[in-house]
Each structure stands twice: as C-alpha cells, then as structure tokens.
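Structure record follows, encoded as structure tokens.
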Amino acid sequence: MSLFITFEGPDGSGKSTQIKLLSEYLQARGERVLVTREPGGTVVGEQIREVVLSARNQTIQPATEALLFSAARAQIVAEVIQPALRAGIIVLCDRYADSTLAYQGYGLGMDLDALRAIIRFATGGLAPDLTFYVDVPVEVGLARRQRGETNRLDQKAIAYHARVRAGFLELVKAEPGRWVGIDGTQTIEQVQKQIRGEVERRLQSADSR
Ligand code: TYD
C-alpha cells in the first residue's frame, strides 16, 4: 500500500540513519519502498542542490533560497514521489515542505503564508501521511555535524538554528495528527524502535480499512 512518510529535524538529528534502517525493515517485511532526499533526488534536483547548498553562494537571497528548494521539490514530486505513490510504493523522504517552513520561514523570517502558497504550487498540494520529527538540541546537532562535511546552511549562526528548531516544534504542535515527535538524543536503536512502532500502527490500520 502507498504511504508517504517524511522525516524532519535539525541538522545532525540522525534522520538519514533512521530512514536507512526503516527502509531495510520495511523491505524485509515485503513492502516496496522508495527513499528520496531533499533537495535533490532527481537529476535536475541534484543540480539545484549544488547551487543552493554551495559554500560559494554566500550572496543567495532568502526568496531565491525558498524558490530553489521549492523548485527541487516540484521536480521530485512530479518525477518520483507521485508516480511511486500511484504504484503503491511506500515513499520515505528525507526532508520535505516542512523544512522550507522551518528554515526559510522561522529561520530566515520569510512570511509563512507566502511560503505555504509556494509549497502548494510546487507540490500540487501533496502532503505527507506521516511526518517524524527527530528532535535534538541545536548544540548537539551542530556538534554531530562538525565531525562530517558542513554545507553553507550548517555554517550559519546558532541563533538561526535555534529559530529553526523552535519552528519545527510549533509545526508539530499545530498538526499533531500528522507529526510524531521523537527524542533524537536517544540511541539509534531506541529511536528506530519508536519509528517502526508508529509505521506498523499505520500499516495495520490501513490494512484493516
Ligand atoms: P543536507 O546536507 O541534506 O542536510 P540534512 O542531512 O540535515 O538534511 O542539507 C540540507 C540542508 O538544507 C539542511 O540544512 C536543511 C536545508 N533545507 C532548507 O533550508 N529548506 C528546505 O526546504 C530543505 C528541503 C532543506
């Protein structure tokens, strides 16, 4: 059955590891699964990703940034996500429209309603069935990131990342039916157990419908 699941969280929350583990678990259970990431996930989208995340592009404007993320999203929705969902595949997406609201909206202070209109235009209104928010305090996330490669957005001030995290927490509160908040400071195994439990519940309630 098709299910559109997105993963959100501050940088360094460990989403990508969790997505990989969930994908392996669902495949072992006999489900067809597709994993994608934003920005990127298509040939066009990966090129946009390069532009928007490059440390060279320090002059990029907030509106440009919001539109580039949205352009990459328009491409992946039409080219990858919608066809997969129509084919009954479970789609796991590493970030989606909520990242635009958190980073460009709460983080950069862009108008949330304007961003929602752009998101609707880009996605044709496609919203996730379920969104996991893997929460880690800003300092923990950034410290984890420092160990790896950092991109232009990682290099921004702590205050920006704190606004992003507070924004995510507001989004979770505003739409509790879609979001599942998880404490990302737990072990990888503990976080995965919670994620699997929730996905199992959704699959079972869909099966019994
Ligand atoms: P990435 O290296 O994929 O980071 P992560 O592993 O944390 O997802 O970089 C994506 C960055 O882009 C991340 O800092 C969040 C940011 N972003 C936005 O600012 N707006 C968006 O709409 C999206 C999708 C991502």
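Rule-based calculations on the coordinates, nothing more; no lab input. This one's a predicted model, so the numbers in the text were calculated from it and none came from an experiment. Note that we place each Cβ from the backbone using ideal geometry, even for glycine, and neighbour counts take in every protein chain shown.
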Exercise. Could you check how many percent of all C-alpha pairs in the chain are farther apart than 31 Å?
Key: 15
Quiz item: Of Ala117, Ala166, Ile19, which is farthest along the charge dipole of the chain in the positive direction, counting Lys and Arg as +1 and Asp and Glu as -1 at C-beta?
Solution: Ile19
Quiz item: Which value in nm describes the separation of the simple spin-label points at Ala174 and Ile158, placed 7 Å from the Cα toward the beta carbon?
Solution: 2.7
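Based solely on its DSSP helices, what 222 nm [θ] is calculated for the chain when runs of n ≥ 4 H residues each add -39,500 (n - 2.57) and the sum is averaged over all residues, nearest 500 deg cm²/dmol?
Values: 8 runs with 103 residues, N = 209.
Helix contribution divided over all residues of the chain: -15500 deg cm²/dmol.
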Self-check item: With Cα atoms, 0 to 90° folded angle of helix 62-76 axis to the chain main axis
Solution: 30
Exercise. Would you mind calculating the gained length between Ser54 and Thr17 on full extension (0.36 nm times residue separation, minus the Cα-Cα distance), in nm to one decimal?
Key: 11.0 nm
Quiz item: Under 18 Å Cα-Cα from Lys20, which lysines qualify once same-chain neighbours fewer than 8 residues away are excluded?
Solution: Lys193
Quiz item: If one computes the Cα centroid of region 85-107 and of region 127-180, what distance in Å separates the two points?
Solution: 13
Quiz item: How far, in degrees from 0 to 90, does helix 112-123 lean away from the longest principal axis of the Cα atoms of the chain, to the nearest 10?
Solution: 60
Quiz item: With a sphere of radius 10 Å drawn around the Cβ of Val172, what net charge do the other residues whose Cβ falls strictly inside it have (Lys, Arg +1; Asp, Glu -1)?
Solution: -3
Quiz item: Between Gln82 and Gln190, what FRET efficiency follows from the Cβ-Cβ distance if R0 is 45 Å, with the result rounded to 0.05?
Solution: 0.85
Self-check item: Where labels lie 7 Å past Cα in the beta-carbon direction, separation of Asp207 and Glu139 in nm
Solution: 4.5
